[in-house]
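Undergrad: Before I ask anything, let me first share the structure, which is written out below as structure tokens.
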Amino acid sequence: MSISSDLQSKLRHAAWNARRRCINTLDAHYEEYGGRGIEFRFQDVPSCVAYLLTLPGHDDLRLWIDRINNDGHYEVGNIRFNTRGDSQRNRRRSKPPNEETLVQYLVRCGFHWCFTRMMRRGLLSAEVAKLYCVSRNTVNRAIGRHL
């Protein structure tokens, strides 16, 4: 089967980049891949490219490789071709901040002044918390009140 040089280049780059993110500790994205245990489970880049050529959509230059399970490895059965938008929607969600991190963020961004002003105008901390979708305790800690 003859494939275009653009397609060969695209697939080689995709496989090479996936491998690099998983094994190169100096790569900017290593922490998001290899650093959290994602492995490149192909023997080498050419064997990965050979597998990619068997997948539907491999010949569409607009599609990206995407791991089906974001906590899974780059391996047979966990890779597909997807649009950029679908790949973005398949992203791993970051963990919600714990309360201490949230309080630090609110203080750093100046929300504690907003909370204080609103409470001086008569709102209760529970009402302020509801407006900002945080707990009453978070509001009180951000403005320096420890109940």
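Coordinate-derived values only; no laboratory data. Only a predicted model underlies this, so the values are computations on that prediction, with no experimental measurement involved. Cβ atoms come from the backbone with ideal geometry, glycine included; neighbour counts cover every protein chain shown.
Undergrad: How many nm separate the modelled label positions at residue 75 and residue 101, each set 7 Å beyond the Cα in the direction of the Cβ?
TA: About 2.8 nm separates the two model spin labels.
Undergrad: Is there a quick way to get the dipole size of region 5-89? I mean about its Cα centre, with the Cβ of Lys and Arg at +1 and of Asp and Glu at -1; what is the value in debye to the nearest 20?
TA: The calculation lands at about 80 debye.
Undergrad: Suppose every K and R has +1 on its Cβ and every D and E has -1 on its Cβ; what is the size of the dipole of region 99-142 about the Cα centre, in Debye to the nearest 20?
TA: Using Cβ point charges on Lys, Arg, Asp and Glu, region 99-142 gives about 200 debye.
Undergrad: As a footprinting exposure proxy, order 114, 48, 133 by other Cβ within 10 Å, with the fewest listed first.
TA: 133, 114, 48
Undergrad: Using the 10 angstrom Cβ neighbour count as an exposure proxy, how do 9, 125 rank, fewest first? Mind showing how you got there, number by number?
TA: Values: 9 11, 125 20.
Ascending number of Cβ neighbours within 10 Å: 9, 125.
Undergrad: Rounded, prolate or oblate: which one fits region 99-142, using the alpha carbon gyration tensor with axes a ≥ b ≥ c (rounded when a/c is under 1.5, else prolate when a/b beats b/c, else oblate)?
TA: Oblate.
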